[in-house]
């Protein structure tokens with residue numbers, strides 16, 4: 001087993017055990033699964049040869065054979081609720097919410113004409129992806145703008161399950177208000193029978209640096225995320241049916257492409273220079289080089305054709321100062337307005353005086369309510385932290401945000417023992433990190449974008465090359481996707 005696969009083997013084993021338990025307890029009972037868990041659990045079911053267990057997408061729940069069938073509904077509370085109108089009123093339902101039961105979910109279900117027979121938790125809140133391990137227990141809005149009480153409990157439960165799968169933690173870091181609260185009591189709450197390993201846990205609040213996830217990231221992967229529909233985070237083990245549903249995987253993200261790991265966090269001019277001088281050792285290397293060259297040319301053409309994105313990019317870089325020109329995003333982005341609100345966020349963060357005029361344009365075009373939803377993140381934007389990369393890490397990434405810089409500060413272990421550069425924080429020990437190989441589990445409540453994850457992976461690989469890292473965001477979301485969630489929920 002190579003280093004890239006070690007954590008996936010543990011996850012597969014734990015998922016198989018959890019699914020086998022359902023198969024034995026609820027024999028012949030169909031399981032309707034939240035979309036984000038469906039393909040992985042279907043793969044585990046087929047791999048474990050659980051032939052008596054039928055797994056279906058939650059959207060297919062209307063296809064139950066009889067009105068009085070007993071069915072299992074499995075997924076996050078919010079996603080299950082979006083499908084409840086399709087559930088037969090006569091069906092007996094077992095609701096399994098991930099990863100723990102939800103009281104508010106139960107009240108919502110009780111108000112509807114269903115006949116549920118059980119509410120419980122599904123104690124496996126993970127979905128392995130190619131470059132990270134998702135723990136889809138909540139979006140940014142769930143964690144920071146709505147019912148944080150349940151999300152905090154769900155996060156603690158997910159971390160406890162993580163410790164059961166991989167072993168206990170010797171060191172715990174919690175940076176930010178939410179993360180420091182969760183981290184401060186985590187080790188004390190662990191059962192004594194869990195063996196402590198060379199495991200380190202890092203918890204980082206998304207609100208420490210919300211701006212980075214809303215900006216136009218100017219790296220290769222940042223342009224890909226803005227311009228090309230692709231799923232960089234496909235399962236490493238890909239079921240055939242996945243390809244029928246997910247966006248197509250670009251050649252740049254295949255398992256044989258080590259070049260992508262090196263150029264993902266470089267600027268477009270740097271990538272172009274790298275490809276121009278790249279030596280060709282074999283036909284595979286030549287194919288990979290040609291793939292990236294073609295992709296780079298395609299993105300440059302798409303950028304020229306996508307005027308709203310180009311205008312956002314120019315606004316971000318101070319190339320457009322006229323508020324009337326900036327406001328053209330409103331007309332050009334009329335179907336979504338995510339770009340318009342991202343432009344306002346960028347202007348506001350820079351202290352640009354045109355931000356007030358821009359907000360006025362938005363209010364007139366979209367109504368005060370839309371702008372009011374955007375202002376919910378204003379506090380996070382004004383209290384964001386500024387952290388510089390450690391000196392030894394500056395050569396590895398063209399652009400990183402505060403989350404990646406905090407991560408690099410922790411794994412370089414260069415901060416003064418008496419004070420961490422970000423507050424509030426919790427650090428379980430002041431002793432230096434040992435030189436022997438370590439395992440690091442990096443959890444980000446509220447999620448990451450592709451560019452941030454790529455930057456963290458590059459920093460980890462270069463700063464501590466003998467260590468093993470697992471990055472665990474609660475969701476992966478593009479900049480436009482995050483802004484859409486904020487202004488619509």
Do you know which residues across the stretch 183-206 are surrounded by fewer than 23 Cβ atoms within 10 Å (Cβ to Cβ) and assigned to a helix (DSSP H, G or I)?
184, 186, 187, 188, 189
Of the criteria (1) surrounded by fewer than 18 Cβ atoms within 10 Å (Cβ to Cβ); (2) modelled with pLDDT of 80 or more; (3) farther than 24 Å from residue 456 by Cα, which one residue 262 fails
(3)
Can you confirm whether the stretch 132-151 contains a residue that is closer than 27 Å to residue 25 by Cα, part of a strand (DSSP E or B) and touching a helix residue (DSSP H, G or I) at 6+ places or on another chain (Cβ under 6 Å)?
no
Between a first residue in the stretch 94-111 that is under 16 Å from residue 22 (Cα atoms) and a second residue that is modelled with pLDDT under 85, which pairs have beta carbons less than 6 Å apart while being 6 or more apart in sequence or on different chains?
95/116
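Would you check if there is a residue in the stretch 397-410 being in a helix (DSSP H, G or I), in contact (Cβ under 8 Å) with a residue 12 or more places away in the chain and over 24 Å from residue 222 (Cα atoms)?
Taking the stretch 397-410 first, the residues in a helix (DSSP H, G or I) are 402-410.
Keeping just the survivors that are in contact (Cβ under 8 Å) with a residue 12 or more places away in the chain gives 402-410.
So of that shortlist, the ones also over 24 Å from residue 222 (Cα atoms) come out as 410.
Within the stretch 397-410 (the criterion being in a helix (DSSP H, G or I), in contact (Cβ under 8 Å) with a residue 12 or more places away in the chain and over 24 Å from residue 222 (Cα atoms)), the answer is yes, since at least one residue qualifies.
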Being surrounded by fewer than 22 Cβ atoms within 10 Å (Cβ to Cβ) and either under 18 Å from residue 27 (Cα atoms) or at pLDDT 85 or above (or both) is the requirement here; does residue 83 meet it?
no
Go through the stretch 164-181 and count every residue that is over 12 Å from residue 428 (Cα atoms) and surrounded by 23 or more Cβ atoms within 10 Å (Cβ to Cβ).
3
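Being surrounded by 13 or more Cβ atoms within 10 Å (Cβ to Cβ), in contact with a strand residue (DSSP E or B) (Cβ under 7 Å, 6 or more places away or on another chain) and free of Cβ contacts under 8 Å to residues at least 24 places away in the same chain narrows it down to one residue among 26, 32, 38; which is it? Full working, then the answer.
Values: 26 fails: free of Cβ contacts under 8 Å to residues at least 24 places away in the same chain; 32 fails: free of Cβ contacts under 8 Å to residues at least 24 places away in the same chain.
Step by step, each of 26, 32, 38 is checked, and only 38 is surrounded by 13 or more Cβ atoms within 10 Å (Cβ to Cβ), in contact with a strand residue (DSSP E or B) (Cβ under 7 Å, 6 or more places away or on another chain) and free of Cβ contacts under 8 Å to residues at least 24 places away in the same chain.
Hey, among 203, 214, 155, which residue is within 16 Å of the chain's Cα centre (by Cα) and farther than 19 Å from residue 424 by Cα? I'd like the intermediate steps shown before the answer.
Working: 203 fails: farther than 19 Å from residue 424 by Cα; 155 fails: farther than 19 Å from residue 424 by Cα.
214 is the lone residue from the list that is within 16 Å of the chain's Cα centre (by Cα) and farther than 19 Å from residue 424 by Cα.
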For the stretch 299-348, give me every one of the helices (runs of 4 or more DSSP H) that falls completely inside it and has 1 or more residues that are under 14 Å from residue 223 (Cα atoms) and at pLDDT 70 or above.
307-316
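Output the residues belonging to the stretch 349-366 that are surrounded by fewer than 17 Cβ atoms within 10 Å (Cβ to Cβ) and assigned to a helix (DSSP H, G or I). Spell out how you get there, then give the answer.
Just the residues of the stretch 349-366 that are surrounded by fewer than 17 Cβ atoms within 10 Å (Cβ to Cβ), to begin with: 350-351, 353, 356-357, 360, 363-365.
If the condition is that a residue be surrounded by fewer than 17 Cβ atoms within 10 Å (Cβ to Cβ) and assigned to a helix (DSSP H, G or I), then 356, 357, 360, 363, 364, 365 are the ones that fit.
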Checking the conditions here, which among 430, 369 is part of a loop (DSSP other than H, G, I, E, B), on the phi < 0 side of the Ramachandran plot and surrounded by fewer than 20 Cβ atoms within 10 Å (Cβ to Cβ)?
430
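Every residue, every condition in (1) surrounded by fewer than 19 Cβ atoms within 10 Å (Cβ to Cβ); (2) closer than 19 Å to residue 171 by Cβ, yes or no:
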{"residue": "378", "(1), (2)": "yes, no"}
{"residue": "412", "(1), (2)": "yes, yes"}
{"residue": "434", "(1), (2)": "yes, yes"}
{"residue": "444", "(1), (2)": "no, yes"}
{"residue": "465", "(1), (2)": "yes, no"}
{"residue": "473", "(1), (2)": "no, no"}
{"residue": "477", "(1), (2)": "no, no"}
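When you look at residue 78, is it within 22 Å of residue 44 (Cβ to Cβ) and either within 28 Å of the chain's Cα centre (by Cα) or crowded, with 22+ Cβ neighbours inside 10 Å (or both), yes or no? Show your work before the answer.
Numbers: within 22 Å of residue 44 (Cβ to Cβ): no; either within 28 Å of the chain's Cα centre (by Cα) or crowded, with 22+ Cβ neighbours inside 10 Å (or both): yes.
Spelling it out, it is not the case that residue 78 is within 22 Å of residue 44 (Cβ to Cβ) and either within 28 Å of the chain's Cα centre (by Cα) or crowded, with 22+ Cβ neighbours inside 10 Å (or both).
The values are calculated or read from the model by the stated rules, or taken from the named source; none is laboratory data. The shown structure was predicted, so the numbers you read here are calculated from the model rather than taken from an experiment. So basically every Cβ, Gly included, is an ideal-geometry build from the backbone, and we count neighbours across all protein chains shown.
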